[in-house]
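Contents: one structure, followed by commentary.
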Amino acid sequence: MGIALCWSIYIMQTKVLMLGWEFPPLINGGLGVACLGMGRAMAGHVDLTFILPQTDPTFVVEQVNLIGLNHLSESDFSAMQRTDEIRSFAEVELIDADLQPYVEAELKAREEITTFGETTISHHRAIEGREDTGLAMFSNSGSLYGEDVNARVVAYARAVAALAEGRDFDVVHAHDWMTFLAGMEIKARTGKPLVLHVHSLSYDRGGPDARGWIYDIEKNAMEAADLVIPVSNYTGTICSGHYGIHAAKIHAVHNGAEEVKAFREKKPFPEKLVLFLGRVTGQKGPRFFLEIAAQVLKKNRNVRFVVAGTGERLKELIEYGAFRDVGDRLHFTGFLDRDKVNSLLSMADVYCMPSVSEPFGLSALEAVQFNIPAVISKQSGVAEVLVHARMADYWDVELMAAHISELLTDEEAHADAVAASKEDQINCTWDKAAERVVALYKSELGLG
Amino acid sequence: MPELALYFQAHQPNRLKPYTFFDIGRDPFYEDDELNRDILHRVSDSCYIPANRLFMELADTLGDDFKLTYSLSGVFLEQLEHHRPDVLASFQDLVATGSVELLCETYYHALSFRASGEEFARQVVKQQETLDRLFGVKPKVFRHTELIYFNEIAAFVEELGFEGMLGEGVPHLLNGRSPNVLYQAPNVKSMKTMLRNNPLSDDVAFRFADPSWEDYPLTPERYAKWIAHAGGDVVGVFLDYETIGEHIGCDKGVFDFWRGLPAALKKEGVAMTTPSEAIGEFKVAGEYDAHEVTSWADSTKDLSAWKSNAMQAEAKAKILSLEKAVKSHQNPELLHQWSKMQTSDHYYYMFTKGGPDGAVHDHFSPYPSPYDAYLYFMNALSDLQVRVGESFD
């Protein structure tokens, strides 16, 4: 009886094939953290298989079948072709005999890098010809990005599409452009509904004029998708407005925030501390942070500002800080590990996120958990969650500086801001996010 | 027939360690002691010890025919006292021969002058006291860090009691005149200015080791001939001591060159002299009007080696702005630490102009980039601000 009941629950669960690129503990970037949070929470509601380029076999997520391409080999693939055997999630997956490479897309990818020309990815089959799976690309623990990211994306799509054809699932759910190609291919081969989870767009990273291979993948994939889930309404408006995707299939789901163990450390210097955490790229607005710092320091020298992170704008920003004469108050730490970041959070008085375009902005929620008020740009998803936080347009240096100055000098305002933001983020959990995704599967795709 | 004044500069800075934001308020020690000690040992073995031994032999055998001049920065002497007393002793032996003259400079090999005449003078006095204590000498001739020279500083140095000062013979200021005679700044009473002969100095400092140079390899005989035919009263050949054996390796024949030079000079009839002797011997031939700041550094012979970008400018201005706060503490350790951050090398490492000059800067820098040099310096500076209480102002 008991066994029969379990079986019936099992077969009623929606079978989700999730495709991800970054995943802890191998890559701890924002995307990886979000994929883990979402995957963990979804596991309670659906039958979840998560395919990644690389996994660490010692890292187990309860109830999630994690498959890392780095643990598959060409011989596994051919063996499976011969036996044509469906195996359980604990074992290596079945590969369809029709294993075809993305020859055309691969060539275009290379062309794209040098020409920035417009390309169109086939909605149906980007796969023609016959080649190996390119699995070797994921076998070592090197970077998943870099110069040959396009080739990796293609290799991932090829391998994952082959894996998917022999599997039983109801929906494919892909996280960001690196896996969108695979998602499209799987939909083309199997006809299963395609859900795209949008954590970041080339619009965010490269600005409104960014075009190229990645943009094309994003646009084509979103057009092919049955449901697009951006991490905020802000990003949803970019999907519809900038990419021209039908608004009816776009439904935002805010990220959750893992509970962090917050603590306070005493600063070893008398000044207040204002923190910027993130890559030093145009998207994150570090230049605006510097301008804000200079503005605050005009009236109040009793503040130190820290830029924690690295990126292509770092040198330019360091020199500009010297030019603005704030080099003894604006400190650059370079890339920091989690312990150092937490140490900064434990000492900081205000968190500032002046992003030019921020799909979500999880770090602002982490700051709130450390009892630090966040001053955030209106061009961020987290502004939809921390509705009581002080915010300004990213370019409004004056207003950002006024917010920070107030929070640094008015203790009551500081305490109120923390309390209000803590209230705002109470419902911001991965469980809530997962529930909403499952509800969307049902309402938009008729699953479950 | 001109005489030859050969002067070597020996200096080692106290390089900063990778001092991060997290060290501010926690770590009162900024210097990379291990690195500084290692470099001192390395250069002692490659240059100071063998070169001092060579010149000692020459002084012993040639007696009065051999003349040599050094300037040894205070921070360098301090490092020697701590880590290489043997090297210090060999310098003392050289000075004791009577063939070797010492020049005065700022103790901290600093750039400060315009920001604070008081601080400049303090460092000069500290260097004078150090040279008196270690060598029992009181130099009559002054050279500023990296041969920085201009009218205003010449007048100030004269006020401090010096009879002569060295400077770079900058072609456009010489305007066709010879660098091999003594000059005078327009605004001094009697102090004489002795200039560095740029081509003849760079021949032995840089081109010596360049195989693509048409005169490579340079022999003492040929070089002595060039000096003999250079014209004027005294040829100033001024260069870094570390050129011998460190910047130019012993495999390039650099020791043989210097060993052979005195004999070759003698054959040509060129006498060796020192700046103070030349100043006593020769008259002023004309006015040298350096209304702009000159130095011996880089191809530009100006301050751009330490002052051509915003990072260098800010770092230097901010350290000097702490003068009052630091001095108000009357804490010798703190004062010393602050002063050591005025050493020109810190700003030299922040150079970003690139090109052949940039390659030389990179060669000397212990940091991955000028930006790292700047960040470590500014973090240490911030700690100093916290310690002197400047941040409460």
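The values are calculated or read from the model by the stated rules, or taken from the named source; none is laboratory data. Every value quoted in this text rests on a predicted model; they were computed, and no experiment measured them. Cβ atoms come from the backbone with ideal geometry, glycine included; neighbour counts cover every protein chain shown. With ligands, DNA and RNA removed, areas are computed over all heavy atoms of the protein, side chains included. Shrake-Rupley method; radii C 1.70, N 1.55, O 1.52, S 1.80 Å.
Applying both filters, DSSP loop and at most 16 other Cβ atoms within 10 Å, to the trypsin sites (Lys or Arg not before Pro) of the range B:1-67 gives B:ARG26. Mind scanning A:LYS284/B:LYS307; A:LYS340/B:LYS318; A:LYS219/A:LYS249 and naming the pairs with a C-alpha gap bigger than 22 Å? In this structure, A:LYS284/B:LYS307; A:LYS340/B:LYS318 exceed 22 Å between Cα atoms. Taking the 1.4 Å solvent-accessible surface of the range A:272-424 as the whole, the part contributed by carbon and sulfur is 50%. Based on the Stokes-Einstein relation at 10 °C and a viscosity of 1.306 mPa s, and on the Kirkwood radius from alpha carbon pairs, the range A:204-264 is assigned a translational diffusion coefficient of 122 µm²/s.
Counting only alpha carbon atoms, the long axis of helix B:74-83 and the longest principal axis of chain B meet at about 80°. Under 17 Å from the 7 Å Cα→Cβ point of A:ASP393, by amide nitrogen: which residues of the range A:353-374? The answer is A:354-358. Counting, for every residue in B:316-324, the Cβ atoms of other protein chains within 10 Å of its Cβ and taking the mean gives 1. When all alpha carbon pairs of the range A:140-223 are counted in 5 Å bins from zero, the resulting P(r) reads 3, 15, 24, 25, 17, 11, 5, 1, 0 %. The label-point distance for B:VAL137 and A:ARG324, in a model that sets each label 7 Å from Cα toward Cβ, rounds to 5.1 nm. Expressed in Å, the radius of gyration and Dmax of the Cα atoms of the range B:308-392 are 13.8, 44. Rounded to the nearest 10 degrees, the angle from helix B:310-320 to the longest Cα principal axis of chain B is 80 degrees.
Solvent-accessible area of the range B:3-287 (1.4 angstrom probe, protein heavy atoms only): carbon and sulfur portion equals 50 percent. Counting only protein heavy atoms and a 1.4 Å probe, the protein assembly as shown has 39 square angstrom of accessible area per residue.
Using the alpha-carbon centroid of each, what span in Å lies between the range A:195-214 and the range B:316-379? Centre-to-centre distance over Cα atoms comes out at 42 Å.
Can you give the FRET efficiency for B:GLU333 and B:ARG53, using 1/(1 + (r/R0)^6), R0 = 30 Å, r = Cβ-Cβ distance, to the nearest 0.05? Efficiency computed from Cβ-Cβ geometry: 0.25. Per-residue SASA remark: A:SER73, around 40 Å² accessible (1.4 Å probe; ligands, DNA and RNA not included).
Across the alpha-carbon set of the range B:160-311, the Rg to Rh ratio works out to 0.98, Rh being the Kirkwood radius.
Among the residues of the range A:250-286, those with an accessible-area drop of 30 Å² or more from chain alone to full protein complex, heavy atoms and 1.4 Å probe, are A:PRO268, A:PHE269, A:PRO270. The GluC sites (Glu not before Pro) of the range B:182-274 that DSSP puts in a loop, and whose beta carbon has at most 11 other beta carbons within 10 Å, are B:GLU214. Summary of the geometry: the range B:40-54 and the range A:289-350, compared by the centres of their Cα atoms, lie 43 Å apart. Assuming charge only on the beta carbon of Lys and Arg (+1) and of Asp and Glu (-1), the dipole of chain B about its Cα centre is about 460 debye to the nearest 20. If R0 is taken as 25 Å, the Cβ-Cβ distance between A:ASP337 and A:LYS315 corresponds to a FRET efficiency of 0.70. Using a probe of 1.4 Å, the accessible surface attributed to B:ASP289 totals some 60 Å² when neighbouring protein chains are kept in position.
For chain B, the antiparallel share of DSSP beta bridges with both residues in that region comes to about 10%. Of the residues in the range A:313-351, those shielded by at least 50 Å² of accessible area once partner protein chains are present, compared with the chain alone at a 1.4 Å probe, are A:LYS315, A:ILE318, A:GLU319, A:ALA322, A:ASP328, A:HIS331.
Hey, what number do you get for the protein assembly as shown at 222 nm if only DSSP H runs of n ≥ 4 count, each worth -39500 (n - 2.57), divided across all residues, to the nearest 500? Here the helix-only value at 222 nm equals -13500 deg cm²/dmol. Among the lysines of the range B:3-287, pairs at least eight places apart or on separate chains and with Cα atoms under 22 Å apart come to 19. Relative to the longest principal axis of the Cα atoms of chain B, helix B:33-43 runs at roughly 10 degrees. Association of chains A and B removes close to 2100 square angstrom of accessible area from solvent, both sides included, for a probe radius of 1.4 Å.
Model label points for A:ARG211 and A:ALA413, set 7 angstrom from Cα along the Cα-to-Cβ axis, are 4.5 nm apart. Excluding same-chain neighbours fewer than eight residues apart, the aspartates and glutamates reachable from A:LYS299 by a Cα-Cα span under 18 Å are A:GLU271, A:GLU291, A:ASP325, A:ASP328, A:ASP349, A:ASP396, A:GLU398, A:GLU406, A:ASP410, A:GLU411, B:GLU390, B:ASP393. Largest accessible area first, the residues A:CYS239, B:CYS250 order themselves as B:CYS250, A:CYS239 under a 1.4 Å probe with ligands, DNA and RNA left out.
Give the separation of the Cα centroids, the range A:380-397 to the range B:1-36, in Å. Using only Cα atoms, the two centres lie 46 Å from each other. Solvent exposure of B:THR97, expressed as accessible area, is near 50 Å², computed with a probe of 1.4 Å over the protein chains only. Its Cα centre serving as origin, the protein assembly as shown has a Cβ charge dipole (Lys and Arg +1, Asp and Glu -1) of approximately 1060 debye. Label zone of B:TRP213 (point 7 Å out along Cα→Cβ, amide N under 18 Å): in the range B:167-188 this covers B:169. Across the protein assembly as shown, Cα-Cα pairs more than 49 Å apart make up 40 percent of the total. Computed on the Cα trace of the range A:272-424, the radius of gyration divided by the Kirkwood hydrodynamic radius gives Rg/Rh = 0.92. Taken along its three principal axes, the alpha carbon spread of the range B:3-287 comes to 61, 47, 38 Å, from the longest extent down to the shortest. When you filter the trypsin sites (Lys or Arg not before Pro) in the range B:270-317 for DSSP loop state and at most 12 other Cβ atoms inside 10 Å of their Cβ, you are left with B:LYS283.
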